[in-house]
1. Could you give P(r) for segment 143-199, binned at 5 Å from zero, as whole percent values over all Cα-Cα pairs?
2. Could you work out which residue, out of Gln240, Gln224, Gln79, moves most in a Gaussian network model of the chain, that is, has the largest mean-square fluctuation with Cα springs under 10 Å?
3. Could you tell me what a quarter of the Cα convex hull surface of segment 108-205 works out to, in nm² with one decimal place?
4. What share of Cα pairs, in percent, lie more than 21 angstrom apart in segment 209-350?
5. With springs only between Cα atoms under 10 Å apart, run a GNM on the chain and tell me which of Thr220, Thr104, Thr325 wobbles the most.
6. I need the fraction of alpha carbon pairs in segment 272-320 separated by more than 15 Å, rounded to a whole percent.
7. At 222 nm, what value in deg cm²/dmol follows for the chain if DSSP H runs of at least 4 each add -39500 (n - 2.57) and the sum is divided by all its residues, to the nearest 500?
8. How large is ³J(HN,Hα) for each residue in segment 267-272, as worked out from phi by the Karplus curve 6.51 cos²θ - 1.76 cosθ + 1.60 (θ = phi - 60°), to whole Hz, x for Gly and Pro?
Amino acid sequence: MKKWVKKLAIGIVIPGMLVLGGCGASKSGGTASGSGKSGIHQRTIKAGIGLNEDHPEGQGMIKFKELVEKKSGGKMKVQNFFSATLGDDQKMTEALQGGLQEVTVPSTSPLVGMIKEYGIFDFPFVFNTEKEAYAVLDGKVGQELLKKLPEHGLVGLGYWENGFRNLTNSKHPVKTAADFKGLKIRTMQNEVHLDAFKQLGANPSPMAFSEVFTALEGKTVDGQENPLATIKSSKYDEVQSYLSMTKHVYTPFVFLVSKKFWDGLSKEEQKIMKDSAVEAGKYQRDLNRKENEKALKDLEKAGMKVNEVSDAEKEKMKEIIKPVTDKYAKKFGEDLVKQMTDEVDKVRNQ
Ligand code: KDG
């Protein structure tokens with residue numbers, strides 16, 4: 001297992017980027033019938049995600065497939081794999097670095113061991129609206145972070161939306177900061193999330209996404225936190241009673257391509273990939289916002305007990321977590337964090 005995953009898996013991250021050795025050029029998927037760097041060639045693009053086909057991210061991947069195949073006159077074929085059938089975010093990202101898979105669209109949170117600056121998106125209560133998040137992601141900050149990917153064998157084509165995360169659990173409604181005390185909560189494999197929930201007095205355990213349902217069902221954890229569309233698509237209402245609208249973090253997805261594959265493409269083919277990822281990304285963001293609204297009604301109808309969390313209590317939570325965000329702001333770069341919050345303020349003052 002690659003060092004950066006092992007470090008994350010044990011939840012202790014030591015700085016220092018890994019230059020991932022090549023695992024041999026991509027001999028399988030993405031085989032080019034016409035080598036050389038011009039024109040459009042027969043290609044097979046293996047694209048995997050952790051979420052289900054019915055999730056807005058799954059629907060986004062279907063849109064991406066349609067667009068690539070249309071723009072390439074059917075020569076570039078996309079094979080979509082949903083529901084972590086090719087593994088979780090970290091495993092699929094590794095497969096891209098090794099040239100064994102062409103595309104994945106993970107959350108940025110599990111990638112912080114590789115590019116620590118992506119941790120700025122794990123700071124709680126930074127964004128109030130999707131519009132603020134888009135301004136940062138599609139603006140200087142987000143684009144600068146994409147430029148850090150090639151040295152890790154990856155190419156970033158933009159940002160899709162996982163969304164605002166809310167807490168579910170099987171014990172009690174979480175209305176105040178104090179209600180987190182003692183709750184066993186599954187988190188992504190991300191140091192900021194781990195330390196933030198510890199700071200709130202919860203008992204967090206990092207876990208890959210595909211293990212969450214079983215952990216909730218088996219009560220090895222009391223709760224988890226994800227956007228509403230994911231809570232619905234992953235049927236967490238079947239194993240969780242309470243949904244607390246904490247809206248505590250906005251998680252982006254980053255559209256990744258294997259650099260080994262990318263470097264073998266012609267300019268025309270790279271343009272088709274980029275334009276399709278951006279167009280499908282707009283479609284996915286719109287769908288995600290709509291589905292998050294619809295999912296709330298559906299989850300209530302399914303019997304989940306939903307409670308709002310007051311702005312005053314969110315402020316209290318933010319205050320309690322501040323020592324954690326201050327610590328990581330130093331690690332990720334206080335300038336970068338300031339660029340992000342300045343961009344957010346600009347949108348708020350519009
Ligand atoms: O592959 C699925 C993940 O990208 C996404 O769902 C991650 O939000 C996530 C979680 O909770 O693991």
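1. Going out from 0 Å in 5 Å bins, segment 143-199 shows 4, 13, 18, 17, 16, 10, 9, 10, 5, 0 percent.
2. Among Gln240, Gln224, Gln79, the largest GNM mean-square fluctuation belongs to Gln79.
3. Details: hull surface 27.3 nm².
So the mean shadow area of the Cα hull is 6.8 nm².
4. On the way: 6451 of 10011 pairs.
Looking at segment 209-350, the distances longer than 21 Å represent 64 percent of pairs.
5. Thr220
6. Of the Cα pairs, 67 percent sit more than 15 Å apart.
7. On the way: 12 runs with 144 residues, N = 350.
When only DSSP H runs of four or more count, the value is -13000 deg cm²/dmol.
8. Working through the residues one at a time gives 4, 4, 5, 4, 5, 4 Hz.
The values are calculated or read from the model by the stated rules, or taken from the named source; none is laboratory data. Note that this is a predicted model, so its numbers are computed, not measured. We work out accessible area using only protein heavy atoms, side chains counted, and drop any ligands, DNA or RNA first. Shrake-Rupley method; radii C 1.70, N 1.55, O 1.52, S 1.80 Å.
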